[in-house]
Number of protein chains: 4
Amino acid sequence: MDFRELEERLVAFRDVRNWAKYHTPKNLAISAAVELGELLEHFQWGSDGEILEAVKDPAKREAIADEIADVVIYLTLLAHELDIDLDEAVERKLEKNGEKYPAKKY
Amino acid sequence: MDFRELEERLVAFRDVRNWAKYHTPKNLAISAAVELGELLEHFQWGSDGEILEAVKDPAKREAIADEIADVVIYLTLLAHELDIDLDEAVERKLEKNGEKYPAKKY
Amino acid sequence: MDFRELEERLVAFRDVRNWAKYHTPKNLAISAAVELGELLEHFQWGSDGEILEAVKDPAKREAIADEIADVVIYLTLLAHELDIDLDEAVERKLEKNGEKYPAKKY
Amino acid sequence: MDFRELEERLVAFRDVRNWAKYHTPKNLAISAAVELGELLEHFQWGSDGEILEAVKDPAKREAIADEIADVVIYLTLLAHELDIDLDEAVERKLEKNGEKYPAKKY
């Protein structure tokens, strides 16, 4: 799935439920932050070694995957409202990162 | 671009720079939160109407797009460390959302 | 209650429960972010007018107050670990803000 | 300084600058999250040991203290808007925590 397909599916999902009125830029940005907070909860107390051990359990891995997906979903809906093409945005950011951190310097 | 391709490119980018040692689950989760904070800055003081007006300016839109891309990039790197397939995760979450919020209820 | 008293009480609370081992800088910073995410949840979908109406309900106001308190608690514990005097820090930041935004300019 | 004094000083600071119109619940909640993101940046890549070493430098410690203070400041302003007494809120939360995690269990 690429971001354009994801965007189309999310907008269709939303429109069928008449939720567009809630999808203001501020609300969607806050929503992404709420879900990121829930994601962070999985990394709150364990050490990195304990976390990597814990995600061998498929249920734990799915719980974390769900939170990551939720952040991605809200960011895609936010990009939609702001007329941002996320495929293009990620592509451009990768290029900028390549220029900012030239491989030969490392 | 789908998540698998993005993941491959990010891991290659990272390995060439010898950054794998920094990419622990906690560090990447924190990094996603840092970038989300920078994204939120664009929604801090303006009203929704002012934000939608401001993003008509391509420079403003690109600045916000960069921050969204940064969050997506760190989430993809985090998923990589945790052996999470992000395409699958988003697909599964969309299904769960469909069951949780049945269209006919709205 | 000032920050020094709060800090003392929190450290005593923690030590009696043998939790110091979990209170690393990264864990406490993540914890503050987790609680802030829970706080943001109260501001996710409603308009500012709806939020101000909703907090007239004491139960809602207490739920939000709890989340704000949780963030303050983790920040105080984090400051403790980093040997930061929070009373002094807030005082100094107020002075810096006064210099950065001189009243006569507004 | 206790929260009531801090609240009074912040409200006076704000009113002299005519900023009350920006201080809606959503804007202040987002502002707290923005500052927390800036705080997290200090914990992004270093290990806990490296962070504890780094804060021995007074400039680094002050930079982190400033970010913690900024979050506290926005939370206090948010509490003000919602008619939440932060001294009371923290006191009550400490009591709830004491009941939730009885010392004798540990």
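None of the figures in this text is laboratory data; all of them are computed from the coordinates on show. Because the structure is predicted, anything quoted here is derived from the model rather than measured. As a convention, Cβ positions derive from the backbone with ideal geometry for all residues, glycine included, and neighbour counts pool all protein chains shown.
For this structure, a couple of remarks:
- Neighbouring Cβ atoms from other chains, within 10 Å of the Cβ of residues in A:43-54, number 6 on average.
- Counting neighbouring Cβ atoms within 10 Å and putting the fewest first, the residues D:T76, C:T24 line up as C:T24, D:T76.
- Size of electric dipole in segment C:1-50: Cβ of Lys, Arg +1 and of Asp, Glu -1, about Cα centre, debye, nearest 20: 480
- Assuming charge only on the beta carbon of Lys and Arg (+1) and of Asp and Glu (-1), the dipole of the protein assembly as shown about its Cα centre is about 0 debye to the nearest 20.
- Computed E for D:R92/A:K104 - FRET, C-beta separation, R0 45 angstrom, nearest 0.05: 0.20
- Among A:Q44, A:S31, A:F3 the positive-end extreme of the charge dipole of segment A:3-100 (Cβ point charges): A:S31
- Assuming charge only on the beta carbon of Lys and Arg (+1) and of Asp and Glu (-1), the dipole of chain C about its Cα centre is about 320 debye to the nearest 20.
- Cα convex hull volume per residue for the protein assembly as shown (Å³): 159
- Amide N of segment C:22-50 lying under 18 Å from the label point, which is placed 7 angstrom from the Cα of D:K56 along Cα→Cβ: C:25
- Here B:N18 yields copy-to-copy label distances, from shortest upward, of 4.2, 5.7, 6.1 nm, the label point defined as 7 Å from Cα along Cα to C-beta.
- Among complete DSSP H helices in chain D, those whose alpha-carbon atoms stretch at least 15 Å along the helix's long axis and whose mean Kyte-Doolittle hydropathy reaches -1.0 are D:3-16, D:25-41, D:58-81.
- Proximal charge balance of C:D70 [Cβ under 9 Å; K/R count +1, D/E count -1]: -3
- What the Kirkwood sum gives for segment A:3-100 is a hydrodynamic radius of 15.3 Å, with every pair of different alpha carbons counted.
- Listed residue pairs exceeding 21 Å between alpha carbons, taken from A:K60/B:K96; C:K26/D:K60; A:K26/A:K60; A:K96/D:K60; C:K96/D:K60: A:K26/A:K60; A:K96/D:K60
- Separation between Cα centres of segment D:59-84 and segment A:11-55, rounded to whole Å: 24
- Sorted from nearest, the other copies put their C:K56 label points 3.7, 5.7, 5.8 nm away, the label point being 7 Å from Cα in the direction of Cβ.
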